[in-house]
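Reading through the structure tokens given below for one structure.
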Amino acid sequence: MHNCHTHNACIETALEAAVVICDDGGLRFTKLRRAVLELVWTSHGPIKAYDILDQLDSSIASVTPPTVYRALDFLLENGLVHKLSSLNAYVGCSHPHRHHECYFLICTGCGEAMECCNSGLVDAVALTGRQNNFKPKSITLEITGECGDCQGRH
């Protein structure tokens, strides 16, 4: 279910976008925030906060679970990563300049997650909320199943 052909290019593009978004918003893109974002993209799939903590370079002083979660919260708030609640894991946002709701296809076989955009689907969910006097704060749909690669393994 891979959707990135040049892994290093994906990482560089994500880091460059983060710099632009932070510069434009007057935000600090600290060494820790950069390292966390890079690890999210290096994993090239959903990664848990404690796995990020385990992989962080020891040169970043006093890295504790709360500091990793604060970095992830910053990245979430600024549209640079998404949290997949069903996996309690994070993935990089493939188009952070267009912050919007999306949905994910999550393979139960290999664990990969693909970010997809379909404004009609998300709009339908938002409409359902409004029709039921519910105002969604955010919409992230997670659809589980098997990707084409895993289907072929049976």
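The values are calculated or read from the model by the stated rules, or taken from the named source; none is laboratory data. In this text, all values refer to a predicted model and were calculated from it rather than measured experimentally. For neighbour counting, all protein chains shown are included, and Cβ atoms are generated from backbone atoms with ideal geometry for every residue, glycine included.
Every listed requirement among (1) in the same structural domain as E12 (by TED's automatic domain parsing); (2) farther than 20 Å from I143 by Cβ is met by N88 save one, (2). Residues of segment 117-154 that are exposed (fewer than 14 other Cβ atoms within 10 Å of the Cβ) and assigned to a strand (DSSP E or B): I143, T144, G145.
The residue that is surrounded by the most Cβ atoms within 10 Å (Cβ to Cβ), counting only those in segment 89-116 that are of a type in the set (S, T, Y) and part of a strand (DSSP E or B), is Y90.
So that you can scan it fast, the table gives a plain yes or no per residue for (1) in contact (Cβ under 8 Å) with a residue 40 or more places away in the chain; (2) out of contact with any strand residue (DSSP E or B) (no Cβ under 7 Å at 6 or more places or on another chain); (3) farther than 24 Å from E142 by Cα:
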{"site": "A17", "(1), (2), (3)": "yes, yes, yes"}
{"site": "G25", "(1), (2), (3)": "yes, yes, yes"}
{"site": "T42", "(1), (2), (3)": "no, yes, no"}
{"site": "R70", "(1), (2), (3)": "no, yes, no"}
{"site": "G79", "(1), (2), (3)": "yes, yes, no"}
{"site": "H82", "(1), (2), (3)": "yes, no, no"}
{"site": "H95", "(1), (2), (3)": "no, yes, no"}
{"site": "C110", "(1), (2), (3)": "yes, yes, no"}
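Identification of helices (runs of 4 or more DSSP H) wholly contained in segment 1-80 with 3 or more residues that are modelled with pLDDT of 90 or more and closer than 27 Å to E146 by Cα yields 31-43, 49-55.
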